[in-house]
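Everything on this sheet refers to the single structure shown next.
The values are calculated or read from the model by the stated rules, or taken from the named source; none is laboratory data. As the structure is a prediction and not an experimental result, all values here were calculated from the model. Positions of Cβ are generated from backbone atoms using ideal geometry, with glycine treated the same way; all protein chains shown enter the neighbour counts.
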Amino acid sequence: MRTKAIAKYLGFVLLFNALFLYISAAISFFLRENSLTPLFYSAVVCTILGLFPQIFVEKIDEINFREGMAISVFGWILTCFAGAVPYFMWGGEFTFANALFESVSGYTTTGSTILQDVEALTKGMLFWRSSTHFIGGVGIILFVLLILPDSKGIRTSIYRSEVSGLSLMNFRMRAKRIVHIISIVYISFTVTLILLLWILGMTFFDAVCHSFGTIATGGFSTKNLSIAYYNNVWIEVTLTVFMYLSSLHFGLLFLTFTGSKNNIFTSKVIRSYTFIILIGIILVAVNLIMSSGYTWGEAFRHASFQVVSLTSTTGSATIDTDVWPLFSKIVLIYFTIQCAMVGSTGGGIKFDRIYLFFVSLKRRIKLIQHPQGIYVTKMNNNIVTEELELQTMAFIILYILIFFVVTLILAAMNIDGMTAFTASITSIGNVGPGFGKISSLANFSALPDAAKYLLSLNMLLGRLEILNVITLFVILIKKNQ
Amino acid sequence: MLKSLKSKIFSSFMLLVLMLVIAAIMSIIEFNKVGLTITDVMDDNYKSIEQTKNMLDALEREDSGLLMYLMGNQETGSQTIDYAYSTIQDAIKIGRNNITEKDEDKYIDNVIKEYKKFHSAVKQTTDASITLTLEEKNETYLQTQQLFFAAKKSINELMQLNQDGIYNQTSLMKENSKRAMMPAIVSIVAAIVFALLLNFFISEYFINPISRLINGVKTYYPEMGRIDAKINLRDEIKTLESEINNLITRLK
């Protein structure tokens with residue numbers, strides 16, 4: 001691995017962050033806010049540290065897969081630390097642990113917060129906070145690839161280390177084209193949602209911040225009460241639709257809009273995904289009507305928003321779900337585990353893997369019944385390789401293992417069972433809210449610093465899809481040996 | 001990428017200098033804000049509190065003046081009341097011109113309203129005191145006491161507002177002074193990262209090529225024809241390698 005090549009691309013990552021920091025600083029400057037110094041100086045530091053490798057390192061013509069993986073993993077880690085600097089400099093509720101937690105939560109589009117009073121932040125800081133969602137939504141590495149001049153093999157190497165193999169199944173094109181497609185869908189959705197929210201009564205600033213949070217499936221809000229603050233059914237419906245769309249495969253969305261036969265309506269996986277969401281909404285709504293005395297309208301309004309919010313990993317809230325009956329909570333916990341689809345901005349195990357697990361299980365059962373038979377695993381009429389199947393199973397096992405270990409460590413810190421369990425699951429799935437002390441209208445401030453560091457790591461592991469991080473560290477350890 | 005070593009080194013140090021200069025400017029701006037906050041506290045809030053103290057003092061004196069008047073010491077009582085009145089009016093005037101807190105003008109209006117009621121009652125009592133019996137005087141005095149306490153309460157509320165203002169400004173000062181230090185702290189960390197990176201690049205682009213060149217010269221023997229130190233850059237070290245090879249050619 002060439003360290004200088006990695007340093008050069010990490011420099012680009014810092015420069016990209018600096019761009020959004022300058023925009024946030026400009027907002028603070030024009031509104032005469034006291035967050036100008038933290039934002040501007042953080043931008044300066046990112047610019048200088050980002051420019052430094054560009055002075056020395058010559059033009060890189062090729063990057064191998066290992067270097068691509070290192071750029072991806074270290075890029076995310078570096079970004080999270082760089083993003084914490086303005087928070088830490090601003091002070092207030094941001095200790096170092098809190099600043100890092102907020103930054104990781106923003107970039108990984110988890111949307112969990114340590115802030116007890118979000119509205120105490122200045123507009124510049126709020127914009128930066130939402131920008132971390134926007135940058136992290138499709139991944140900072142992808143943004144960097146978008147602005148990089150095209151060089152042989154560079155995009156492919158970095159891109160393949162950033163996205164899962166399962167996601168690539170719906171992209172039968174070159175990395176350069178994929179990056180462009182993702183960006184087109186991402187940016188056009190964001191712009192459309194900004195306009196819709198603005199028309200529906202949000203201020204332009206709130207519309208921008210909430211759009212960043214929704215399309216990136218992050219969930220940071222500019223209000224303490226999140227979406228509940230607006231108490232507007234049309235805003236909730238619009239956000240529900242966009243949260244759902246953002247949880248689908250961006251490649252398939254693009255193909256749908258361009259009139260391709262391979263689209264979201266013909267995809268069996270998406271049909272199953274939508275069907276399960278609908279079942280979830282009905283189960284929660286009926287439970288709310290029967291146990292909590294909700295009217296039909298109210299029950300379906302809140303059930304649909306919360307189920308889509310959690311399954312898309314956005315985590316925005318219209319109500320405190322912690323007071324809901326246990327049955328509804330269990331359904332919501334299932335969606336926190338299942339999460340969105342591959343190729344979307346969502347995190348978690350992802351529905352495609354669960355689907356593949358069952359398709360694969362069906363094939364194994366057939367093989368037991370007819371050992372001489374030849375069966376293949378198919379998803380959306382594409383044959384899934386044995387290697388991809390094994391990778392998916394390994395991912396699911398590792399995911400559950402990490403979630404279990406983190407729950408155990410949190411419990412050892414004297415955190416109550418429900419909080420520890422849902423904090424672990426919501427952080428590795430990049431969802432946002434849990435239950436107990438960290439419910440939808442609460443925050444993570446009450447957790448000890450050690451728990452915040454652990455959950456930050458968990459969020460990063462979830463965003464980087466675990467296997468990439470483990471593979472990179474295995475490579476680095478072997479190299480040192 | 002810059003090609004010459006000179007420009008690489010110069011640019012690196014310029015970046016470091018730029019970072020430190022901006023950190024210094026930011027710190028100065030933030031410390032200046034702390035200074036301005038202190039000025040706000042000293043000049044505005046403290047001044048307002050001083051005026052409310054004057055008002056309270058004058059109010060007490062006006063009450064004493066009324067008591068003196070009713071006890072028969074009319075001349076001194078009347079002078080005391082008039083002096084207290086003019087002191088309160090001056091204090092109100094200064095307070096009005098020194099609004100620092102949100103809704104402070106409403107608090108001052110309330111002081112004016114309550115004081116006006118009290119002062120009118122005092123005047124009515126002094127005007128009618130000749131015709132009053134001792135018991136009536138006592139009863140009238142007790143009635144003015146209600147208005148006295150209401151006026152005192154309004155002044156105390158104004159004082160509390162300014163005291164809270166001082167507390168808030170002090171908290172802000174604490175926050176600003178912490179914020180003023182932050183560019184320096186971040187600069188220290190960034191400078192350490194910068195130094196580590198510089199160390200890596202110096203070793204990668206200066207030390208290693210020179211070592212390879214030294215090795216090439218050391219292990220050179222005439223049959224090799226030329227030295228190949230595997231320098232892929234186009235900087236001064238590459239020029240040095242070419243010149244050594246030219247020298248070898250000329251010596252042959």
Practice task
Inspect the range B:154-163 for any residue being within 14 Å of another protein chain (Cβ to nearest Cβ), part of a helix (DSSP H, G or I), buried (at least 16 other Cβ atoms within 10 Å of the Cβ) and out of contact with any Asp or Glu (no Cβ under 8 Å at 6 or more places or on another chain) and give the result as yes or no.
Solution key: no
Exercise for the section: Return yes or no: is B:PHE206 within 30 Å of A:CYS46 (Cα to Cα) and either in contact (Cβ under 8 Å) with a residue 24 or more places away in the chain or not in a helix (DSSP H, G or I) (or both)? Expected result: yes
Completion exercise
Picking from A:LEU410, A:LEU388, A:LEU332, the residue that is buried (at least 17 other Cβ atoms within 10 Å of the Cβ) and under 22 Å from A:GLU102 (Cα atoms) would be A:LEU410
Fill in the blank from the handout: Inside the range B:66-89, the number of residues satisfying the requirement of being in contact with an Asp or Glu (Cβ under 8 Å, 6 or more places away or on another chain) and either closer than 12 Å to B:THR126 by Cβ or aromatic (Phe, Trp, Tyr) (or both) is 3
Handout entry: Some residue of the range A:441-458 being in a helix (DSSP H, G or I), closer than 22 Å to A:THR109 by Cβ and among the charged types (D, E, K, R)
Key = yes
Exercise for the section: Tell me, please, whether a residue that is away from chain B (no Cβ under 14 Å), in a loop (DSSP other than H, G, I, E, B) and charged (D, E, K, R) can be found in the range A:112-122. Expected result: yes
Exercise for the section: Within the range A:1-40, track down each residue that is small (Gly, Ala, Ser) and assigned to a helix (DSSP H, G or I). Expected result: A:ALA5, A:ALA7, A:GLY11, A:ALA18, A:SER24, A:ALA25, A:ALA26, A:SER28
Problem - Odd one out for B:ALA128, checked against (1) more than 46 Å from the chain's Cα centre (by Cα); (2) within 14 Å of chain A (Cβ to nearest Cβ); (3) loosely packed, with under 14 Cβ neighbours inside 10 Å; (4) among the hydrophobic types (A, V, I, L, M, F, W, C) - result: (2)
Handout entry: Complete set of residues in the range A:343-375 that are modelled with pLDDT of 85 or more and of a type in the set (A, V, I, L, M, F, W, C)
Key = A:ILE349, A:PHE351, A:ILE354, A:LEU356, A:PHE357, A:PHE358, A:VAL359, A:LEU361, A:ILE365, A:LEU367, A:ILE368
Problem - Residues located in the range A:422-440, provided they are in contact (Cβ under 8 Å) with a residue 24 or more places away in the chain and part of a helix (DSSP H, G or I) - result: A:THR422, A:ALA423, A:SER424, A:ILE425, A:THR426, A:SER427, A:ILE428, A:GLY436, A:ILE438
Handout entry: Top-ranked residue in the range B:189-235 [being loosely packed, with under 11 Cβ neighbours inside 10 Å and not charged (D, E, K, R); ranked as nearest to the other protein chains (Cβ to nearest Cβ)]
Key = B:ASN232
Exercise for the section: Could you run through the range A:61-81 and say how many residues are crowded, with 24+ Cβ neighbours inside 10 Å and of a type in the set (Val, Ile, Thr)? Expected result: 3
Problem - Subset of the range A:1-13 that is among the β-branched types (Val, Ile, Thr) and within 12 Å of chain B (Cβ to nearest Cβ) - its residue that is farthest from B:ASN232 (Cα to Cα) - result: A:ILE6
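Out of A:ILE77, A:ILE71, which single residue is under 15 Å from A:ASN458 (Cα atoms) and assigned to a helix (DSSP H, G or I)? Before the answer, list the steps.
Working: A:ILE71 fails: under 15 Å from A:ASN458 (Cα atoms).
Going through A:ILE77, A:ILE71 in turn, just one is under 15 Å from A:ASN458 (Cα atoms) and assigned to a helix (DSSP H, G or I): A:ILE77.
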Completion exercise
Checking B:LYS47, B:LYS33 in turn, the sole residue that is within 30 Å of B:ALA91 (Cα to Cα), of a type in the set (Lys, Arg) and more than 11 Å from chain A (Cβ to nearest Cβ) turns out to be B:LYS47
Exercise for the section: Please state which of the following conditions A:SER360 fails to meet, knowing it meets all the rest: (1) of a type in the set (Ser, Thr, Tyr); (2) in contact (Cβ under 8 Å) with a residue 60 or more places away in the chain; (3) over 30 Å from A:HIS302 (Cα atoms). Expected result: (2)
Exercise for the section: Could you list, in sequence order, all residues of the range B:1-56 that are more than 28 Å from B:TYR107 (Cβ to Cβ) and aromatic (Phe, Trp, Tyr)? Expected result: B:PHE10, B:PHE13, B:PHE31
Practice task
Kindly list, by first and then second residue, each pair from a residue in the range B:103-115 that is free of Cβ contacts under 8 Å to residues at least 24 places away in the same chain to a residue that is of a type in the set (Ser, Thr, Tyr), limited to pairs with Cβ atoms under 9 Å and residues at least 6 apart or on different chains.
Solution key: B:ILE112/B:SER154
Exercise for the section: Under 7 Å between Cβ atoms, at least 6 apart or on separate chains: pull out the pairs that start in the range A:216-229 with a residue that is among the charged types (D, E, K, R) and end on any residue that is at pLDDT 90 or above and surrounded by fewer than 24 Cβ atoms within 10 Å (Cβ to Cβ). Expected result: A:LYS223/A:VAL118; A:LYS223/A:GLU119; A:LYS223/A:TYR229
Practice task
State the number of residues belonging to the range B:237-252 that are more than 14 Å from chain A (Cβ to nearest Cβ) and either of a type outside the set (Val, Ile, Thr) or closer than 20 Å to B:LYS8 by Cα (or both).
Solution key: 11
Problem - Residues of the range A:363-411 that turn out to be in a helix (DSSP H, G or I), among the polar types (S, T, N, Q) and either free of Cβ contacts under 8 Å to residues at least 40 places away in the same chain or over 22 Å from A:ARG271 (Cα atoms) (or both), as a count - result: 3
Practice task
Report the residue count in the range B:171-221 for those that are in contact with an Asp or Glu (Cβ under 6 Å, 6 or more places away or on another chain) and among the basic types (Lys, Arg).
Solution key: 1
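So that you can scan it fast, the table gives a plain yes or no per residue for (1) on the phi > 0 side of the Ramachandran plot; (2) away from chain A (no Cβ under 14 Å); (3) of a type outside the set (Lys, Arg); (4) surrounded by 17 or more Cβ atoms within 10 Å (Cβ to Cβ):
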{"residue": "B:SER11", "(1), (2), (3), (4)": "no, no, yes, no"}
{"residue": "B:LEU16", "(1), (2), (3), (4)": "no, no, yes, yes"}
{"residue": "B:ILE28", "(1), (2), (3), (4)": "no, no, yes, no"}
{"residue": "B:ILE38", "(1), (2), (3), (4)": "no, yes, yes, no"}
{"residue": "B:SER64", "(1), (2), (3), (4)": "no, yes, yes, no"}
{"residue": "B:ALA84", "(1), (2), (3), (4)": "no, yes, yes, yes"}
{"residue": "B:TYR107", "(1), (2), (3), (4)": "no, yes, yes, yes"}
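Residue by residue, here is whether (1) out of contact with any helix residue (DSSP H, G or I) (no Cβ under 6 Å at 6 or more places or on another chain); (2) facing chain B (nearest Cβ under 7 Å) holds:
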| position | (1), (2) |
| --- | --- |
| A:LEU15 | no, no |
| A:ILE23 | yes, no |
| A:ALA26 | yes, no |
| A:PHE29 | no, no |
| A:SER35 | no, no |
| A:TYR41 | no, yes |
| A:LEU49 | no, yes |
| A:PHE56 | no, yes |
| A:LYS59 | yes, yes |
